[in-house]
Amino acid sequence: MENSDTEWQQRLRQDDKKALAEVYKKYREAFVVYARRFSLNREELLDIYQDAVIAMHQNFVMKQLYLENTAIKTYLFGIGKYMIFSRLREVAKVEEVAEIPDEIVEVIWEKESPTEEQRKLSHCFGQLSPSCQEILKMFYYRGLRVKEIVELSHYKDENTVKSHKSRCLKKLVQLVNKVS
């Protein structure tokens, strides 16, 4: 029988090691697939995943964390993402990755100056909600299909992803047109 997020949260707050192992196993490979876009090898990604699971567990046990509008998977991947950014900064691969939208990272790596259009897009992109930024990155930058986004995220089905992506893209276009 599959555990719901609510059940897992309750068990994690009670320091249930079996629940922790279940969460760890359930999302391990999805995290590696999600994090593959960063220039870290599988072993480094698994180390980061383990650290993220430990941090999540500590937050549930010590802070009695309660996730009301966020899935455990989304919360865990968020912790992992910021741990990846920290690791990348440590090894001087990218400076302040957390501050730079993915769309212009390649330009910066190539030591080129972004165009005025790219700066405008970056500014407007930064004004979007984190969920809009993430879904647009997954679809346009990472090239994931809608079905893959459903599998890697908290969205319940493909129609939800399509409508959210559409709303986010519309908002981005409005912001860009407003700046123009």
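The values are calculated or read from the model by the stated rules, or taken from the named source; none is laboratory data. Remember, predicted model here, so these are calculated numbers, not experimental data. Don't worry about glycine lacking a Cβ; one is built from the backbone with ideal geometry, like all the others, and counts go over all protein chains shown.
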| query | Residues of region 51-73 being surrounded by fewer than 18 Cβ atoms within 10 Å (Cβ to Cβ), in a helix (DSSP H, G or I) and touching a residue at least 12 places away in the same chain (Cβ under 8 Å), which ones? | reply | 51, 55, 61
| task | Filter region 22-50 for residues that are part of a helix (DSSP H, G or I), under 15 Å from the mean Cα position of the chain (by Cα), of a type outside the set (Val, Ile, Thr) and surrounded by 16 or more Cβ atoms within 10 Å (Cβ to Cβ) and give the result. | result | 27, 30, 31, 34, 35, 45, 49
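Considering region 150-170 alone, what residues qualify as being closer than 21 Å to residue 121 by Cβ and among the aliphatic types (A, V, I, L, M)? Step through it out loud before you land on a result.
Quick first cut of region 150-170, residues closer than 21 Å to residue 121 by Cβ only: 164-170.
Correct list: 169 only.
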| message | Going by what's in this entry, would residue 97 be described as under 15 Å from the mean Cα position of the chain (by Cα), at pLDDT 90 or above and not polar (S, T, N, Q)? | response | no
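For the subset of region 128-175 comprising residues that are free of Cβ contacts under 8 Å to residues at least 60 places away in the same chain and either in a loop (DSSP other than H, G, I, E, B) or in the same structural domain as residue 28 (by TED's automatic domain parsing) (or both), which member is farthest from residue 81 (Cα to Cα)? Spell out the reasoning first.
The first filter runs over region 128-175 and keeps only residues free of Cβ contacts under 8 Å to residues at least 60 places away in the same chain, leaving 128-141, 143-150, 155-175.
If we keep only those that are either in a loop (DSSP other than H, G, I, E, B) or in the same structural domain as residue 28 (by TED's automatic domain parsing) (or both) as well, we get 128-129, 143-145, 155-157.
Details: 128: 18, 129: 17, 143: 18, 144: 17, 145: 20, 155: 18, 156: 22, 157: 23 Å.
Among residues in region 128-175 that are free of Cβ contacts under 8 Å to residues at least 60 places away in the same chain and either in a loop (DSSP other than H, G, I, E, B) or in the same structural domain as residue 28 (by TED's automatic domain parsing) (or both), the one farthest from residue 81 (Cα to Cα) is 157.
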